[in-house]
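See below for the structure under consideration.
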Amino acid sequence: MTENTKIIENATCTFCGCVCDDMILTVDLDEKKIIKSKNACVLGRAWFAEHTIEEDAPAAMIDGKEVSIEEAIEEAAQTLTKAKFPITYGLSDTTCEAQRQAVAITDRIKGNIDTTTSVCHGPSGLAFQGVGESTSTLGEVKNRADLVIYWGGNPAESHPRHFGRYAVTPKGMFTPRGKKDRTVVLVDVRKTKSSPVADILIRPKPGKDFEVLWALRALVKGKKLSDDIEERTGVPLAVLQDLSDRMKNCRFGVLFFGMGLTMTRGRHFNSGALLALATDLNEFTHFVAKPVRGHGNVTGADNVVSWQTGYPFGVNFSRGYPRFNPGEFTTVDTLANAHADAAMIIASDPASNFPKKAIQHLKSIPIVVLDTKCTETSKDAHVAFRTSTYGINTTGTVYRMDDVPITLRPAFESPFPDDETILKGINKRVNELMLAKHYASGASGEVKVAAPV
Amino acid sequence: MSAAMRIVNGKVYDPANNIDGKIKEICIQDGKIVDSVPEDATVIDAQGMVIMPGGVDIHCHIAGPKVNAARKLQPEDHRHDVHPGTPFTRSGTGGTVPSTFATGYRYATLGYTTAMEAAVTPIGARHTLEEFHDTPVIDKGFYVLLGENIFLQNLLREKRMEEFNEAVAWWINATKAYTVKLVNPGGDEPWKGKKNSNVSDIDEQTDEGLTPRQIIEAFIKSVDKQGFPHPPHIHCNNLGHSGNYITTLETMKTAGDMRAHIAHIQFHSYGGELGKNPVSKAAEIVDYVDNHPNITCDVGQVMFGKSTIMTADAPLAYVLKGHSKGKWVNADTECESGCGILPFNYQEHIYMHTLQWAIGLEIFLMAKDPWRVILSTDHPNGGSFMNYPKLIKLLMDKAFRHEEMKRVNQKALENCSLRDLDREFTLNEIAIITRAGPARALGLKNKGHLGVGADADITIYDEMDDKEMMFNAPRYVIKSGKTIIGNHEFITDFIGKLLHITPEYDKKIEEVVQPFFESYYSIEFSNYAVDDSYLHDHEIIATGKASS
Ligand code: SF4
Ligand SMILES: [Zn+2]
C-alpha cells in the first residue's frame, strides 16, 4: 500500500440489483486499485477488489489487431449500417446514459434491441403486462413491512445485503425493532443459505410453484381446496391456510420473488400468479410484490428501452418503428433462427452462456463488442472496444431493482473510454451514414421553409 | 441560413398583447421575438394562416417513474399506434402513454411547445430528468410531490414553520422542480399504513394529527412567502366522488387571497350523495373561480375513448380498479408518495362518463375569465393530449357540440346545463386557454405571447372552418427560433430545455433533514439530491415575491 490513497464515500456497488450506495472505498491511486470497500458484502468486496486495469490491453481492435478508437468506431458504424438485421444485446451492466445511446443506434439502423432481461426476469415483465403489479420502493419495506415472503430465490448468496439493508433486519419507521417486528417466510424447493433467516420455511415440490400460488389465491378468497393439495404440491393444507391468514392479517406485506420462480416450469404464469396474489391481498390489507433483479443496472435497461420504445426488451425497428415480440425479437431467438447478420454486444458475454445453436450463429456473423475485459464473445469480435467500468471508473445513472435511480461516484480513472463515449461516437457516425443513404436515395431532406424573398 | 426570420401576412392572435386577429409581422432573431430583422432574413409567408404563440400544457403526465410503468404495462396500447422515425427524428410508439420521443414530436404536431409534468416523486426526479432529455422539441418542467412527504409533515405537526419553508426550498432545489404538487392531502398514510383506507374530509384529523386543510394551508403560505412563479398545484381530496365540490370550494377558500392552482377541476365539481350518481356543480365551482382572481385551474376534460389513469392518488386508482376489473399497478414511494395506474375507457353510454364530459365543457363555457380556466385533459387521465384539437372544436363549434351530445347518455345531460350553453369560443379565447393563460398562471413571462423579448415559440395554422383539422396540423412550428415543422413535415430535431426554479434556502436545513434520511430512506442522503449534470439545457425562472 502506498501513501497515495483516496477515500470515496457513498459510492455505489453495481454488482447486484441491490445497488447499495453506502460504500466507503479506499483507493490506491498509484496501483489503480480499490484496497478496501467498507459496507460491501462478500460479492461486493470481490467486485471492487478484482477490479484492476490492464494498462497495456488495446483500447480498440479490429479482427484482433490493435487500431485507434476512431478507426474502430468507423468500422463498427460501417458494419452495423451495412447489415440487414443488426442486433444489439446486453446493456444490463452499463449506465443508462450508455443504454440510451444503444437504443438510439439501433433505432437509426432499424435493428433489433434486447437486454439480458430476456434471459432472466423477462417472464416477470410479461406477467407485469398481463396483470400489473402492486409494488413499492425498498425503503417502504424497511419502514413498514411486518410480513416478508421470499419466493424462489436465495438472496443470502445472490443479493447478500437484501436482508440486512432493506427487508429483514433493518429498523424502520413502523418496524422499530427490526426483525422482531417481522415474520419472514421462505418458499423454495431447496434448502439454501437463506433458509436460516426464515421464521416459516415452505418447500413445495419442484415445478409446483404455480399450483401453490393458485391455491393461496383460492384460500385468500375464502374458497375451499381439495384434500389432495399436499399430495400435489408437497405443502400441507394447514401450512397454506396459515400463510393465507398471515397474509390477510398483516399490516404491510411483501412478496419478493427470484429466478427460482421465473425460470422454472410455468415461467410468466408463475410470476403472473404471484403478482395476482399480491393484488388480491389488497382487498384485505396493504400488499406489494417485487422481483429480486440480478445484474446491477438491468432495471435501468428496462426503463430506458421502455421510455424510448414503449416496450421493455425484445424490440425490433426493422419497419422504422418499435415492435415487441418476445420469442421472435429476443436475442436467443434472433440468433438461433439465424436472422441476425451483425451484432453489437454491450457488457455481456452471450458466447459463454447462450444455447449452443445461438452461439454457433453468433460466431458466424460480424460482432462489435464493448466490454471491460476480454470475454468469450470479444475473442471472436470483428470490432472490440475495451471500456472502463461503470461505478468504478465512470459516473452515470443506475436503477436499483425497485426503480430508484442512483448516480455513480467513480473511484479512479481508467485509461479506457466509457461505454457512453464509444456509443455516442458510433451513434454520430451511424447517423451520418444513414442520412447520406437517405440523400443518395434521391429523397429530399432540404429545409422546406419558404426561401428568402 | 441566418437565425433571423420574418413571418409576414399572417393573422396574429396574441391575447397577452391585446392582438386579436390582426395582420402583423413577427420578427425572430436568436430564438427570441424582436422588433425588426435585417433585410436578408428568411421569410415565411403566412397568407391565409393564423399565428399563435406555441401551446403551453400546464398539467399533463409525460415523464418519470409512473409514466414509464404505464408504458411498460400496455404493449397493446402502443401496437396499433406506431410512430415511425424520419431521417431527422427518432421513432417511437403512441397510444395514451407514448414513448418519450413520440411525446415530444406529437406535442409539436399540435403546435404545443411547452408542457409541465404534473406529479413527480422527489426520489423519481432523476428518472424524470433523464426522460425529459429524450423528450424532444418541447420545453418542460415538473411539479414535485411534497404534500405527503413524511418529514415535512413532521415539521408541520411540530409547528416548525421556518424549517418547513427552508425544507420545501431545499427539496425544490434537490429535485430541480418547478413548483410543489399536493395530491389528496393526508391520504397517503391511511393508504399505506392503515390497510388501504383514505381520508374523506378536508377537516378530518388523521392519526398523524394533521388535517388535509392544515397541509394545504401550509404549502400555500410557504410558496406565497417564497414567491414561486407558480403556486402549489393542488389535486384536492375526494376526486371523483359525488358531493366533492364542497371539498373543492373549501380547498379554494383555504387559500384566502393567496394564489393556488386547482388541478383537473372537472373531477372535483360533483354534487349528489356519496355512493350515488353525481350531478353537476360546475356553476358553483366556476362562480368561485371567476370571483377569486388568486385562483387558477385547469379543466381536466374527459374525452371518450381509451385513457390511462395514473395518479399519486392511490386510493382513487384502487376504487377505479373495482370498476374496470382489469390490470392495475400500485407503487409506493418511501416517505414521499403513493401511486396507482390502470388502463381506462370513457364510454358515451355510461352516465358517469357522460356527466364528466359534460361538466368539463360546462366549466369552459361558463367561465367568464378564460385566463384562469385552462385547457387540459389531465393527459392521459381524461384522455390523451392528442384530443386537444377535438376539444377545441367542441368549444368553438356549437353545432358540432350538439351533434356530439346526441351520442351520449341523455340522463346525464339532464343533470347538467350543457344543453343550454350556446357560447362558442373565439380563436382569441382559444389562444388564451391554450397559451396566454397557462403561461401567465405558470409565471412564464417569455411564453404564451409574441411580444418583443418572448421566446420564439410559434405555431402557424392554416385557417380552416373545421377547427379540429386546423389545430391538428400546423403548417409551421417554430421552437426557440428554429423551424421544426415546415409545410407539415419535420425538418430538423430539437431537444428543448428544462424549466425549473431555485428558491434560496439556508444550507443548515440539510443538517435537520439528514438524520431523518439516515433512519427512514433506503438511499444515502448525499446520493439523493440531483446534480447539475442532469440539467442539460435549462432555464431558471426567477422566484421572489412579485409586486403586482
Ligand atoms: S448486496 Fe449487491 S449491491 Fe450490495 S454490496 Fe453486495 S453485491 Fe454489492
Ligand atoms: Zn394529473
Practice task
Among the listed pairs B:327/B:411; A:248/B:321; A:171/B:327; A:33/A:193; B:306/B:406, give every one whose C-alpha distance is greater than 23 Å.
Solution key: B:327/B:411; A:171/B:327; A:33/A:193
Completion exercise
For the protein assembly as shown the translational diffusion coefficient, Stokes-Einstein from a Kirkwood Rh over Cα pairs at 20 °C and viscosity 1.002 mPa s, in µm²/s, is roughly 73 µm²/s
Completion exercise
Heavy-atom accessible surface buried between B and A, both sides counted, 1.4 angstrom probe, nearest 100 Å², is 5800 Å²
Fill in the blank from the handout: Between residue A:35 and residues 5 or more places away or on another chain, the pairs with built amide H atoms under 5 Å apart involve A:26, A:27, A:28
Fill in the blank from the handout: For the protein assembly as shown, the dipole about the Cα centre with charges only on Cβ (Lys and Arg +1, Asp and Glu -1), to the nearest 20 debye, works out at 2300 debye
Completion exercise
The alpha-carbon center of the range A:271-324 and that of the range A:339-355 are separated, in whole Å, by 22 Å
Handout entry: Dimensionless Rg/Rh of the range A:20-84 - Kirkwood Rh, Rg from C-alpha atoms
Key = 1.22
Problem - Rg/Rg_ref, the range A:338-453, where Rg_ref = 2.2 N^0.38 Å and atoms are Cα - result: 1.45
Problem - Inter-part distance where the range A:365-388 and the range A:101-139 are each reduced to a Cα centre, Å - result: 23 Å
Problem - Delta accessible area of at least 40 Å² on complex formation, residues of the range A:1-40, 1.4 Å probe, chain isolated as reference - result: A:10, A:21
Fill in the blank from the handout: Those helices of chain A passing the 15 Å axial Cα length cut-off and the mean Kyte-Doolittle cut-off of -0.5 (DSSP H runs only) are A:69-82, A:209-220, A:237-249, A:267-281, A:298-309, A:419-440
Problem - Bridge type composition, chain A - antiparallel percent by DSSP, nearest 5 - result: 35 percent
Exercise for the section: Can you work out the accessible area per residue across chain A, with the rest of the protein chains kept in place, probe 1.4 Å, in square angstrom? Expected result: 37 Å²
Problem - Cβ-based charge dipole, the protein assembly as shown, positive-most Cα from A:412, B:270, A:48 - result: B:270
Exercise for the section: With only alpha-carbon atoms counted, please give the Rg and Dmax of chain A, in Å. Expected result: 24.1, 88
Practice task
Please state the charge dipole magnitude for the range A:5-50, taken about the Cα centre, from unit charges on C-beta atoms (+1 on K and R, -1 on D and E), reported in debye and rounded to the nearest 20.
Solution key: 80 debye
Handout entry: Cα gyration tensor of chain B - equivalent ellipsoid semi-axes, whole Å, descending
Key = 35, 28, 22
Exercise for the section: Quick one: net charge around residue A:203, please, counting Lys, Arg +1 and Asp, Glu -1 for every other residue with C-beta under 9 Å from its C-beta. Expected result: +2
Practice task
Give the accessible area for residue B:36 in Å² (nearest 10); use a 1.4 Å probe, count only protein heavy atoms, and leave out ligands, DNA and RNA.
Solution key: 80 Å²
Completion exercise
Taking every residue of A:134-146, the Cβ atoms of other protein chains inside 10 Å of its Cβ average out to 6
Problem - Geometric extent, Cα atoms of the range A:5-50 - Rg, Dmax (angstrom) - result: 9.8, 31
Completion exercise
Rounded to whole Å, √(5λ) for the Cα gyration tensor eigenvalues of the range A:122-291, largest first, gives 23, 17, 16
Practice task
Quick one, can you get me the convex hull of the C-alpha atoms of the range B:482-548 expressed as volume per residue in Å³?
Solution key: 188 Å³
Exercise for the section: Based on the mean of other Cβ atoms within 10 Å per residue, sort peptides B:95-101, A:148-154 so the most packed one is first. Expected result: B:95-101, A:148-154
Practice task
Could you state the accessible area per residue of the range B:210-364 in Å², with a 1.4 Å probe and every protein chain left in place?
Solution key: 27 Å²
Exercise for the section: Count, for each residue of A:126-132, the Cβ atoms from other chains sitting within 10 Å of its Cβ, then give me the mean as a whole number. Expected result: 5
Completion exercise
The set of residues whose placed amide H lies less than 5 Å from the amide H of residue B:145, leaving out same-chain residues fewer than 5 positions away, is B:120, B:121, B:181
Fill in the blank from the handout: Output ordering of B:293-301, A:325-333 (per-residue mean of other Cβ within 10 Å, highest first) is B:293-301, A:325-333
Practice task
Round to a whole angstrom and tell me the spacing of the C-alpha centers of the range B:15-59 and the range B:462-478.
Solution key: 16 Å
Problem - Of B:41, B:55, B:4, farthest towards positive along the dipole that unit charges on Lys, Arg, Asp, Glu beta carbons give the range B:1-88 - result: B:55
Exercise for the section: Please give the peptides A:246-255, A:384-393, B:25-34 ranked by average Cβ packing (other Cβ atoms within 10 Å per residue), highest first, as a rough proxy for protection. Expected result: A:384-393, A:246-255, B:25-34
Problem - Whichever aspartates and glutamates have a C-alpha closer than 19 Å to that of residue B:22, once near sequence neighbours (fewer than 8 apart) are set aside - result: B:14, B:35, B:45, B:429, B:457, B:462, B:463, B:465
Exercise for the section: Using a 1.4 Å probe over the heavy atoms of the protein chains, calculate the carbon and sulfur portion of the accessible area of chain A as a whole percent. Expected result: 52 percent
Exercise for the section: Return the average number of partner chain Cβ atoms within 10 angstrom of each residue Cβ along peptide B:130-137. Expected result: 3
Exercise for the section: Return the sequence-ordered ³J(HN,Hα) values of the range B:187-202 in whole Hz as given by the Karplus equation 6.51 cos²θ - 1.76 cosθ + 1.60 applied to θ = phi - 60°, using x for Gly and Pro. Expected result: x, 6, 5, x, 5, 7, x, 10, 6, 6, 9, 8, 8, 10, 9, 5
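The values are calculated or read from the model by the stated rules, or taken from the named source; none is laboratory data. Computed from a predicted structure; not experimentally measured. FYI the Cβ positions are ideal-geometry reconstructions off the backbone, even for glycines, and counts take in every protein chain you see. Just the protein is used for accessible areas: all its heavy atoms, side chains included, with ligands, DNA and RNA removed. Shrake-Rupley method; radii C 1.70, N 1.55, O 1.52, S 1.80 Å.
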